[in-house]
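K.L.:
What follows is a structure written as structure tokens; I'll ask about it next.
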Amino acid sequence: MQKTLMVLSFGLLMASCTKKAVVSSSQSSNGSSYQYSVNLTKVDNDKLEVTLINPKIDTDEITFRLPKTVPGTYSTDDYGRYLSDFKAFDSKGNQLTANKLDVNSYTIKDAKKLHKISYKIDDTWDSPEIKGTKIFEPTGSDIVANKEYSINTHCFLGYFDGMKQVPYQVTFTKPNGFYGATSMVAKSSTATTDVFEMNNYMDLVDAPILYTQPDTTVLKIGGADILVSVYSPNKMANSKEIAANINTLLNAQKEYLGGKLPIKKYAFLIVLSDSKTMTSFGALEHSYSSFYYLPEGTSEALSQTVKDVASHEFFHIVTPLNIHSEEIGNFDYNNPKMSKHLWMYEGLTEYAAGHMQAKYELITLSKYLDMLRQKITTMKSMKDNLPFTEMSANVLDKYKNQYINVYNKGALIGLCLDIKLRQLSGGKYGTQNLMQDLSKTYGKTVSFKDDELFDKITTLTYPEIRQFFATYVEGKEPLPLTDILQSVGIEYTAEATMKQASLGGIAIGFNQSTNRLKVANIDKVNDFGKAMGYKANDELVSINGQAMEMMSIQAIMNEYSANTKEGETVTVEVARKSAEGKEEIIKLSAPAILVETKQKNVLRLTENPTAEQLKLRNFWLKP
Ligand SMILES: [Zn+2]
């Protein structure tokens, strides 16, 4: 999973069938699989009806469940909250007694007679009337009749206790012209229906589907077909442009993983949202796909975010999907136990997503250092003395507010481990090799025991690595960033004064209806701000010709303050209302001035690095 809260670093909080029954209802004996059907053309009050012709039940009583949580989310979501009108029937259409056991579960009496179940499902994205924690969109569902149906299968389809291993058949009736983008290959498909078959519940939950008017592009990389499917409500971005953006990235990932991809088909399902009340965005990984929920913007403005999130999700094909503990391998959807190893599942994945981009020069070293710097800053704002293994094992309850640190401290643990391994191996062995070795040792169907992983890694590597885990991952010590970074010729300073280009000392606000930054007031403008001639309520449209779109603001601001030189002409376009209330675009321009600012967690290349530092840096950063 990759979740980003919509907070910019300058302190601005942004809103962020009736299917033709597969088994005829007069049939008296049930078969050996779940036979589900959902008719997307019959949306009633934002809900869809789900019917299930159940597999044969051999017990007097059976419990049907929707999950409490699903793999990759590390949160308690109670998908049963969105279910209503639960009904159970025998083959003659008589209703059987069904009692609600808890928020996610229903117990059916006289279960040997059970033939059919039906219920309604509301979507999670826009059901504010349903109480409890809001579900992170990439793991939820959205029903917008005849426009978009975001179907994470676990939101709609459940299982019977003890029967997760039984095969599933799911039939969707779809609006004319609609396409269901997914990693699954349809068993059969017509203009109005798609039928999917999966071996068990785990595989079904692992395969979300996005139904829209088709906007898809297929890339061929490393022997795999990569489907990119995009829904952009205002047609600001499209699959062709986004696929072009991630093509180079995926090729670099293939190299990073040793030249081959361990998959045949993979699907990127991307929903862009024009919601004004967005509070977070991101994605959820699956074995052969990933589902994205991002603010709508042009493909160009979304480019870096898509790259960062897509590379993270795509690397999950390594872990936890091919390297995981028993807690994850045999997932209990309604009584989940968490593994201690989020530092690896999420941390190493996030580390690889950034490291790969620097290694294959998709981003500059200075940009990579900036990424690391943001992670250090976030890590320091969290509970840095909480052992990471303890946080991980208790992430569903006690430490859920520390979860976001997996992308920060988790990734920095990966950084330290990688450089340490390079140091110990004379440059030959790093986390990339380690993950390949662990994939060979375990794999998709073999789980490790939570308590054995650190020892296993130590056996594969060096005794010093056991000490590293004991001190910094199981222990409370802060990561040895200064020493580790120094060994590759990077200086880490907790606080430094630097000269940076000023935007004029204006107070910055945000206009939610236009999605633009605005000048909140000009009480403290400096000489540059005066020369520019800002007025209160001016809205920032572009800086030096770069459009300030929501998803690119942060990168443009960072680049402006770090790279603008003293005296260079700065041009800012603002939208300003005339006396008659008409909006005009005005160009403001003045020579730049640099001002001294205090910066936290500064990373700089050492001025005169030793040969040894340079050698290790190259082992770490050169392909
Ligand atoms: Zn993740």
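Quick note: the coordinates plus some simple rules give every number you see, no bench work behind them. Worth saying up front: this structure is predicted, and the values here are computed from it rather than measured. Heads up, the Cβs are rebuilt from the backbone with ideal geometry, glycines too, and the neighbour counts pull from every protein chain shown.
K.L.:
Sort the following peptides by mean Cβ neighbour count (other Cβ atoms within 10 Å, averaged over residues), highest first: 452-463, 340-351. If you can, show how the numbers build up before the last one.
P.N.:
On the way: 452-463: 15.7, 340-351: 26.6.
Listed from highest to lowest mean packing, they are 340-351, 452-463.
K.L.:
Here is a follow-up. Return the calculated 222 nm mean residue ellipticity for the chain, to the nearest 500 deg cm²/dmol, obtained by summing -39500 (n - 2.57) across DSSP H runs with n ≥ 4 and dividing by the residue count. Walk me through the numbers before you get to the answer.
P.N.:
On the way: 16 runs with 157 residues, N = 623.
Calculated mean residue ellipticity at 222 nm is -7500 deg cm²/dmol.
K.L.:
Cross-link partners among aspartates and glutamates for Lys42, C-alpha distance below 17 Å, same-chain residues fewer than 8 apart left out?
P.N.:
Output for Lys42: Asp85, Asp122, Asp123, Asp142, Glu148, Asp194.
K.L.:
Still on this structure: Find the Rg to Rh ratio for segment 282-421, where Rh is the Kirkwood radius over alpha-carbon pairs and Rg uses the same atoms. Display every interim value, and only then the final one.
P.N.:
Values: Rg = 15.4 Å, Rh = 15.9 Å.
Ratio of gyration radius to Kirkwood radius: 0.97.
K.L.:
Now a separate question. Can you list the HN-Hα couplings for segment 380-391, worked out from phi with the Karplus curve (6.51, -1.76, 1.60; θ = phi - 60°), rounded to whole Hz and with x for Gly and Pro?
P.N.:
With coefficients 6.51, -1.76 and 1.60, one gets 5, 8, 9, 6, 6, 9, 8, x, 5, 5, 6, 4 Hz.
K.L.:
Something else about it: Counting Lys and Arg as +1 and Asp and Glu as -1, each charge on the Cβ, what is the dipole of the chain about the Cα centre in debye, to the nearest 20?
P.N.:
On the way: 69 positive and 71 negative charges, 104 e Å.
Dipole about the Cα centre, nearest 20: 500 debye.
K.L.:
For the residues Leu481, Leu250, Leu210, what sequence is obtained by ranking on other C-beta atoms within 10 Å, fewest first?
P.N.:
On the way: Leu481 19, Leu250 22, Leu210 26.
By the 10 Å Cβ count, ascending: Leu481, Leu250, Leu210.
K.L.:
Here is a follow-up. Once the Cβ-Cβ distance between Val185 and Lys235 is put in as r, and R0 is 35 Å, what FRET efficiency do you end up with, to the nearest 0.05?
P.N.:
Working: r = 29 Å, r/R0 = 0.82.
For R0 = 35 Å, the calculated efficiency reads 0.75.
K.L.:
Taking the Cβ of each residue in Ser118, Ser229 as the centre, tally the other Cβ atoms inside 10 Å and list the residues starting with the fewest. List each step's numbers first, then the result.
P.N.:
On the way: Ser118 14, Ser229 27.
Fewest-to-most ranking of Ser118, Ser229: Ser118, Ser229.
K.L.:
Still on this structure, please answer the following. Between the DSSP loop rule and a limit of at most 15 other Cβ atoms within 10 Å, which trypsin sites (Lys or Arg not before Pro) in segment 194-289 are left?
P.N.:
Details: sites: Lys220, Lys235, Lys240, Lys254, Lys260, Lys264, Lys265, Lys276; in loops: Lys235, Lys260, Lys264, Lys276.
Passing sites in segment 194-289 are Lys235, Lys260, Lys264, Lys276.
K.L.:
Going highest first, how would you order 150-160, 441-451 by mean Cβ packing within 10 Å?
P.N.:
Numbers: 150-160: 24.9, 441-451: 14.2.
Ranking, from highest mean packing down: 150-160, 441-451.
K.L.:
Report relative contact order for segment 455-586 in percent, whole number only (criteria: Cα-Cα under 8 Å, sequence separation at least 6).
P.N.:
Values: 151 pairs, mean separation 22.1, N = 132.
Relative contact order of segment 455-586: 17 percent.
K.L.:
7 Å from Cα along Cα→Cβ at both Ile130 and Asp44: what's the point-to-point distance in nm?
P.N.:
1.7 nm
K.L.:
For the chain, just say rounded, prolate or oblate: build the C-alpha gyration tensor, square-root its eigenvalues into a ≥ b ≥ c, call rounded for a/c under 1.5, and beyond that prolate if a/b exceeds b/c, oblate if not.
P.N.:
oblate
K.L.:
So if I place +1 on the C-beta of Lys and Arg and -1 on the C-beta of Asp and Glu, and nothing else carries charge, what would the dipole magnitude of segment 56-180 be about its Cα centre? I want it in debye, nearest 20.
P.N.:
Values: 17 positive and 17 negative charges, 79 e Å.
That gives segment 56-180 a dipole magnitude of about 380 debye.
K.L.:
Something else: Pick out, in residue order, every one of the GluC sites (Glu not before Pro) in segment 108-207 that is DSSP loop and has at most 13 other C-beta atoms within 10 Å; say none if there are none. Don't skip to the end; give the middle numbers.
P.N.:
Numbers: sites: Glu129, Glu148, Glu197; in loops: Glu129.
Hits after loop and neighbour filter: Glu129.
K.L.:
Per-residue counts of other Cβ atoms within 10 Å, averaged by peptide: what ranking do you get for 381-391, 324-334, highest first? Write out the running numbers ahead of the final one.
P.N.:
Numbers: 381-391: 16.4, 324-334: 18.3.
Ranked from most to least packed, the peptides come out as 324-334, 381-391.
K.L.:
Toward the positive end of the charge dipole of segment 444-533, about the Cα centre and with charges on Cβ (Lys, Arg +1; Asp, Glu -1), which of Leu503, Ile457, Thr445 goes farthest?
P.N.:
It is Leu503.
K.L.:
If you don't mind, another one. If I model segment 446-574 as equal point scatterers sitting on the Cα atoms and use the Debye formula, what is log10 I(q)/I(0) at q = 0.12, 0.16, 0.19, 0.20 Å⁻¹?
P.N.:
So the normalised log intensities are -0.69, -0.84, -1.07, -1.16.
K.L.:
Here is a follow-up. Label Ser280 and Asn335 with points 7 Å out from Cα along Cα→Cβ: what is the distance between them in nm?
P.N.:
A separation of 2.7 nm, rounded to one decimal place.
K.L.:
Looking at the chain, send over the antiparallel percent of its DSSP beta bridges, to the nearest 5. Please list the in-between numbers first.
P.N.:
Numbers: 97 of 118 bridges.
Here the antiparallel bridges make up roughly 80 percent for the chain.
K.L.:
Also, quick follow-up: Treating only the Cβ atoms of Lys and Arg (+1) and Asp and Glu (-1) as charged, compute the dipole magnitude of segment 261-318 about its Cα centre; round to the nearest 20 debye.
P.N.:
Values: 4 positive and 6 negative charges, 42 e Å.
With only Lys, Arg, Asp and Glu charged at Cβ, the dipole is about 200 debye.
K.L.:
Something else: Pairs of Cα atoms under 8 Å, at least six residues apart: use those to get the relative contact order of segment 144-282, whole percent.
P.N.:
Relative contact order here is 24 percent.
K.L.:
So what is the relative contact order for segment 308-405, in percent, with contacts set as C-alpha pairs under 8 Å and at least six apart?
P.N.:
Details: 68 pairs, mean separation 30.9, N = 98.
Over segment 308-405, the number comes to 32 percent.
K.L.:
Another question about this same structure. Test of understanding: what is the full-extension gain from Ala547 to Glu566, defined as 0.36 nm times their sequence separation minus their Cα-Cα distance?
P.N.:
Numbers: separation 19, 0.36 × 19 = 6.84 nm, distance 2.23 nm.
That pair, Ala547 and Glu566, stretches by 4.6 nm at full extension.
K.L.:
Would you mind checking which residues have amide H under 5 Å from Gly505's amide H? H placed 1.01 Å from N; only 5 or more apart, or other chain.
P.N.:
When sequence neighbours closer than 5 places are left aside, the close amide H contacts are Asn526.
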